[in-house]
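K.L.:
Submitted below is the structure of interest, expressed as structure tokens.
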Amino acid sequence: MTLTTHATLGAVIGRATGNPLLAFIFGFISHFLIDMIPHGDTGLADNFRIHKRRRKQAVAYVMVDAVFALFFVLLLANTRDIESLRTFSWGIVGGVLPDLLVGLYDLTKSPMLRWFNKMHFFFHDFFVKRKGDVPLYYALLAQVVLIAYLQTKF
Ligand SMILES: [Zn+2]
């Protein structure tokens with residue numbers, strides 16, 4: 001999923017838990033579960049990791065996604081009455097952290113992160129590798145709809 005989706009879901013979960021530690025834990029778990037839904041980025045990811053072609057496209061996608069997510073959570077934080085900024089923040093941190101660790105693994109190839117990278121893609125590719133992916137365009141539209149729904153939960 002996009003970082004915006006992970007961040008928004010993490011924030012909503014954070015609010016539901018009402019506790020910063022639980023916000024982080026459930027936000028973190030939510031990342032793996034929602035990533036299991038095919039979301040159109042297999043072509044980009046395979047080009048980046050396996051075929052090692054059109055890598056700039058994948059990097060650009062992640063950069064746009066990351067900055068957009070940042071703007072979106074700032075928009076939420078500045079326009080909503082956030083009950084607890086702590087649970088809001090820790091839910092977002094938990095929801096987004098797995099992709100940060102995957103990115104760090106891609107950069108460093110650290111053996112300390114290899115198991116985490118494997119686990120992330122076990123969940124991420126669970127249905128995609130069995131049933132195939134959906135077109136990225138539709139997946140992004142679906143995520144816009146999901147975010148539009150989630151942002152009503154503040
Ligand atoms: Zn992920």
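The values are calculated or read from the model by the stated rules, or taken from the named source; none is laboratory data. The structure displayed is predicted, hence computed values, not measured ones. Every residue, glycine as well, gets a Cβ built from its backbone with ideal geometry; the counts of neighbours run over all protein chains shown. These area figures cover heavy atoms from the full protein model, side chains too; ligands, DNA and RNA do not enter into them. Shrake-Rupley method; radii C 1.70, N 1.55, O 1.52, S 1.80 Å.
K.L.:
Among the numbered criteria (1) within 14 Å of the ligand (Cβ to nearest atom); (2) farther than 27 Å from Lys109 by Cβ, which single criterion is violated by His39?
P.N.:
(2)
K.L.:
All but one of (1) modelled with pLDDT of 95 or more; (2) under 24 Å from Val12 (Cβ atoms); (3) loosely packed, with under 15 Cβ neighbours inside 10 Å hold for Glu83, so report the exception by its number.
P.N.:
For Glu83, the exception is condition (1).
K.L.:
For the range 104-150, enumerate the residues that are open to solvent by 30 Å² or more (accessible area, probe 1.4 Å) and under 12 Å from the mean Cα position of the chain (by Cα).
P.N.:
Those that are open to solvent by 30 Å² or more (accessible area, probe 1.4 Å) and under 12 Å from the mean Cα position of the chain (by Cα): none in the range 104-150.
K.L.:
Can you pull out the residues in the range 12-43 that are assigned to a helix (DSSP H, G or I) and open to solvent by 60 Å² or more (accessible area, probe 1.4 Å)?
P.N.:
Within the range 12-43, the subset assigned to a helix (DSSP H, G or I) is 12-17, 20-35, 42-43.
Result: Arg15, Ala16, Leu21, Leu22, Ile25, Phe26, Ile29, Leu33.
K.L.:
If Arg53 meets every condition in (1) at pLDDT 95 or above; (2) open to solvent by 80 Å² or more (accessible area, probe 1.4 Å); (3) more than 15 Å from the ligand (Cβ to nearest atom) apart from one, which number is that one?
P.N.:
Every listed condition holds for Arg53 apart from (1).
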